[in-house]
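Here it is: the structure, laid out below.
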Amino acid sequence: MKSILSVRKVWFIAISASFFVASCSDETTIFENPDDNLVSETDQSKLDNSVSFERAGVLDIYEDPIASAKRFNATGKTEEAGDYPLTLVAQIAPPTFTNGENLAATHVVLDGDYGFVSYNTVGQDYVGAIDVIDISDPNNPRVTSRVYYTNADLNSIAYDNGFIYVAGGVDSEQSVTATANSLVAKIAVSGGRMNTSNITYGFQEGFNATDVRIIDNNVVVTSGQDGFVVVYDKNDLSALNETAFADLRSVAYNGSEIAVLDAAQGVSFLDQNLNVLRSINIESDFGVDAKRTLDFLNETIVVSEGIKGAGVYNAATGSFIEYLSILTNPENAEPGEIVTNGVAVNEEVLLMANGAGGLSLSENKDDSTNGVGVIELTGSINYVASKGDYIFAASGKSGFQIIKLNRPSTSLAERCSDLVNYSGSANLNVNSGDDFAYRGSKRFNTMNIGGNLLLCGSWTVKDGVNINENGLFEMNGTLVIGRNNRQRNVTINSGATLRVEGNLTIYGDLVLNDGATIEFIDENAVVAITGSVVKSATANVTGSFNDYFDKF
């Protein structure tokens, strides 16, 4: 992929990873007086307009050849329903302002109801930004706060206990406070809004700070090319310890050990005092100025290795296990920009940000990692983060994209435990006289229901749902149909009934023909319809529910 760390110098002298510094560099300085290089966005309409729902709705997954082969039976005619019923919640456009029209999303971190996003500028200009996104309402994410940096790129972001910590690069020659080009800043945030009246800064050697991680009461920052890994006190950003490396890109923590990715050598595991415990030598080409990350996965560590994909290594022994290849989507991928920039782990799910190769999803089960496919997204994916039921994908100039995993809740899974897991066609047909009941979470192409069907769990339907005359469809959990730029309808025909317990989202119309019924048996049920409710005079709507878009 193209540069996103905006390193300003080409030539550098490699510093041995075994070179330790007993005391902190004299160049590390703390400042608490923000200058004119920082601007807060006060126009709420501009923040609101940066959120786009144009492509919101059901996401397909372009599967890799091996997985695709498993979706067809021996005759090659039956496509099986896919796992991971993902939906795109919204896209957030990158910030723009005077002399800041070329920003790209670089990193995102999630905490509770909020996502925090950093931006930088490709090329020679030092320009960055921070967004705070309220995701408490999955149907309506909002940008609640935005800050522009007119003299700093921001490459990474972390959150802890009411404060944002950002790491990036600053033009020290144009700054009245910076003593080095790598910075870390601590900004208070409350109720989704940043307080810029008293920002604490720290500076360290290295052409650009590349990553930041909160570890207990410390802030750990890496800087690339002639840089350091530096441990700061979380309270005042006073430097506590540092160690020099040649070209650091990322830092990870598994609860006991720190791991850093050095593009000149590989992965080093450090103790809390930054002593190198062991290393994994990796000969991959990490690029001169590209973002690369690593993450722990159970007993392994997963490293983004550019054109090779993601390398998986035993974290204890350093032995190589396997490469997770880049599963490309040929419709939008250009070979020169297909590289793995970042990896993220969420329970059994492993995500790879592969630049123009998109965002791929793999699953780790029984100590084996298998590729599922490439998620249907736009843009070049620079970074990915995932926590709880959400995935945030930073896609460069396309901003970032909020994806919902739609995992069934634990309580719902318990209520459905006596049902069988669905396994079958992606085109679900229930004929008149059939009586089926299933649990699970699947992606369907279509549903055509003439008999009785109960689905308990989380489900998506790429195309329409049709309930034929006298058919009964009962849903308990989550069901999403269509997407905004490809709207599809749910049609309930004469004498047919749709019974809803949970959340129903239709990117299209709900059509209730003569004698049709939609029944809400859960007063907490939510129905969100982006199109219209087309209701015959003899159709019935019963029960209490939350009509999210006021379409009834």
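Grab the eigenvalues of the alpha-carbon gyration tensor for region 142-275, scale each by 5, take roots, and send me the semi-axes largest first in whole angstrom.
They are 23, 18, 13 Å, listed largest first.
Is the C-alpha gyration tensor of the chain telling us rounded, prolate or oblate? Criteria: a/c under 1.5 is rounded; beyond that, a/b larger than b/c is prolate, otherwise oblate.
Taking the square roots of the gyration eigenvalues as a ≥ b ≥ c, the chain is prolate.
Sticking with this one: Give the calculated FRET efficiency between N254 and F552 to the nearest 0.05, with a Förster radius of 45 Å applied to their Cβ-Cβ distance.
Approximately 0.35, to the nearest 0.05.
Can you tally the net charge around V58? Count Lys and Arg as +1, Asp and Glu as -1, for every other residue whose Cβ sits under 10 Å from the Cβ of V58.
Overall, the nearby charge balance is +2.
If the cut-off is 15 Å between C-alpha atoms, which aspartates and glutamates fall inside it for K291, apart from same-chain ones fewer than 8 positions away?
Correct list for K291: D153, D211, D247, D262, E305, E337.
Can you tell me, using C-alpha contacts under 8 Å and at least 6 residues apart, the relative contact order of region 500-544 as a whole percent?
50 percent
Separate question: What's the extension gain from N298 to N102 if we count 0.36 nm per residue and subtract their Cα-Cα distance?
This chain segment gains 66.7 nm when fully extended.
Relative contact order for the chain: what percent, with Cα pairs under 8 Å and sequence separation of 6 or more?
Computed over the chain, the figure is 12 percent.
Right, next: Would region 238-297 count as rounded, prolate or oblate if I go by the C-alpha gyration tensor, calling it rounded below 1.5 in a/c and otherwise prolate when a/b exceeds b/c, oblate otherwise?
Because a/c hits 1.5 or more and a/b exceeds b/c, region 238-297 counts as prolate.
I need the calculated FRET efficiency for the pair D435 and N314, taking r as the beta carbon distance and R₀ as 45 Å, to the nearest 0.05.
0.35
Quick one: grab the alpha carbon gyration tensor of region 73-227, order the square roots of its eigenvalues as a ≥ b ≥ c, and give me rounded if a/c is under 1.5, else prolate or oblate depending on whether a/b is larger than b/c.
Since a/c reaches 1.5 and a/b is larger than b/c, the shape of region 73-227 is classed as prolate.
Out of the GluC sites (Glu not before Pro) in region 354-436, which ones are loop residues according to DSSP with at most 11 other C-beta atoms within 10 Å?
When the GluC sites (Glu not before Pro) of region 354-436 are filtered for loop state and at most 11 Cβ neighbours within 10 Å, nothing remains.
Based on DSSP H runs of at least 4 residues, each adding -39500 (n - 2.57), what is the mean residue ellipticity at 222 nm of the chain after dividing by all its residues, to the nearest 500 deg cm²/dmol?
Rounded to the nearest 500, it is -500 deg cm²/dmol.
Please give the contour-minus-distance gain from D418 to N448: 0.36 nm per residue of separation, less the Cα-Cα distance, rounded to one decimal in nm.
8.4 nm
Moving on to the next point. So which GluC sites (Glu not before Pro) in region 454-503 are both in a DSSP loop and have at most 14 other Cβ atoms within 10 Å of their Cβ?
Hits after loop and neighbour filter: E469.
Continuing with the same structure: Roughly speaking, what is the stretch gain from E337 to D43, that is 0.36 nm per residue apart minus the C-alpha to C-alpha distance, in nm to one decimal?
Net length gain for the segment: 102.3 nm.
To continue, here is another question. With just the Cα atoms of region 410-547, tell me how far they stretch along each of the three principal axes, in Å, largest first.
For region 410-547, the Cα spread along each principal axis is 39, 31, 31 Å.
Return an integer: the convex hull volume of the alpha-carbon atoms of region 81-164, in Å³ per residue.
124 Å³
Now a separate question. As an exercise, use a Förster radius of 25 Å and the Cβ-Cβ distance of S197 and N235 to find the FRET efficiency, rounded to the nearest 0.05.
FRET efficiency, S197 to N235: 0.90.
Still on this structure, please answer the following. For the pair I321/E348, report the inter-label distance in nm, with labels modelled 7 Å from Cα in the Cβ direction.
1.6 nm
Any idea how far apart D366 and T542 come out in nm if each label point goes 7 Å out from Cα toward Cβ?
A separation of 4.6 nm, rounded to one decimal place.
Express in whole angstrom the spacing between the alpha-carbon centres of region 340-418 and region 473-500.
Rounded to whole Å, the Cα centres lie 25 Å apart.
Each reported figure results from applying straightforward, stated rules to the coordinates on display, with no laboratory input. Just so we're clear, the structure is a prediction, and the values are computed from it rather than from any experiment. We place every Cβ from the backbone using ideal geometry, glycine too, and count neighbours over all the protein chains shown.
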